[in-house]
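J.: Could you have a look at this structure, given as structure tokens, before my questions?
The values are calculated or read from the model by the stated rules, or taken from the named source; none is laboratory data. For clarity, every value in this text was computed on a predicted model and none was experimentally measured. All Cβ positions, glycine included, derive from the backbone under ideal geometry; neighbour counts span all protein chains shown. Surface areas here come from the heavy atoms of the whole protein model, side chains and all, with no ligands, DNA or RNA. Shrake-Rupley method; radii C 1.70, N 1.55, O 1.52, S 1.80 Å.
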Amino acid sequence: MRTAGLPARGPARGPARRSVLTAGLAAAAGALSGCSAAPAPKVATAAPQPRPATPQAAFARLMEGNRRWVSGNLDHPDRDPERRELVAEAQDPFGVVLSCIDSRVAPELIFDTGLGDLYVLRTGGQAIGPVVTGSVEYGPMTGGTPLVVVLGHQRCGAVEAAYKSLKAGKPLPGNLEALAKAMAPAYELTAKDPGADPVDTMTHHQIKVTAEGLRSNADLGPLVEKGALGVVGAYYSLDTGRVEVLTGAPA
């Protein structure tokens, strides 16, 4: 029976029930949101190291990095957003590396370095000329960069092309001929004693001739003489990943 003035009885409705439902949905949404917004773990990177101030210290840093490259126990230093922000306004590299354009010879990888650590120049067979020389000089002469490395490598296609061209007396096409002319002094030394592998012999000569030319030039020579700069000639093995020093290792 229904009593006058009173509503019929039935399931609980109205604001109270809506509040319960709303609170439950909000809690579930919050839980889901919390799961999806969990930050990804940050990849650990090596702490920045102080910049080497001497040729000896810079050389040691590079060779330590190459040993890590050979072993596969890499630090991957100076390769995170914090480093990018640190060097965005100014740079202070500790070394200059003049290497070949070969895709397998990347100095930052070979020496396990990172952003802002090295000035890197790459030309076919480490061929050099006024623009390249000026680029090598930039770090030592404007910022006191203490080390230059001329890095040649095993099975160098640019050296092979230059060797065959010079031996046959047939110029290379286009501007490739400039590479052959730049490597002519190394070829002349090779022609006197080609050894078992003339291309590899010429590569070694090219490294030494280029390093000696930089070491003794009018602008870098005085820095070398007073011990503020080292100029190293080095050879990279594609097979092992190891860098072998040929000339100029800082004492």
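J.: Just to make sure I understand: if all protein chains stay in place, what is the order of Ile207, Ile101 by accessible area at 1.4 Å, largest first?
T.: The residues order as Ile101, Ile207, largest area first.
J.: Compute the normalised compactness of the range 148-241: alpha-carbon radius of gyration over 2.2 N^0.38 Å, N being the residue count.
T.: Taking the Cα Rg and dividing by 2.2 N^0.38 Å, one obtains 1.17.
J.: Something else now. Name the residue from Ala57, Ala90, Pro77 whose Cα lies farthest towards the positive end of the charge dipole of the range 50-96, charges +1 on Cβ of Lys and Arg and -1 on Cβ of Asp and Glu.
T.: Ala57
J.: I'd like the distance between the alpha-carbon centres of the range 60-75 and the range 154-198, rounded to an integer number of Å.
T.: Measuring centre to centre over Cα atoms gives 32 Å.
J.: Once amide H atoms are placed 1.01 Å from N in the peptide plane, what residues at a sequence separation of 5 or more from Leu147, or on another chain, have their amide H within under 5 Å of its amide H?
T.: The answer is Val96, Gly230.
J.: On the first, second and third principal axes, largest extent first, how far apart are the outermost C-alpha atoms of the range 56-172 in Å?
T.: That gives 52, 35, 27 Å along the principal axes, largest extent first.
J.: Between Lys181 and Val87, what length comes free when the chain is fully extended (0.36 nm per residue of separation minus the Cα-Cα distance, one decimal in nm)?
T.: Between Lys181 and Val87, full extension yields an extra 30.0 nm.
J.: Can you list which of the trypsin sites (Lys or Arg not before Pro) found in the range 140-193 are DSSP loop residues with at most 15 other C-beta atoms within 10 Å?
T.: Sparse-neighbourhood loop trypsin sites (Lys or Arg not before Pro): Arg155.
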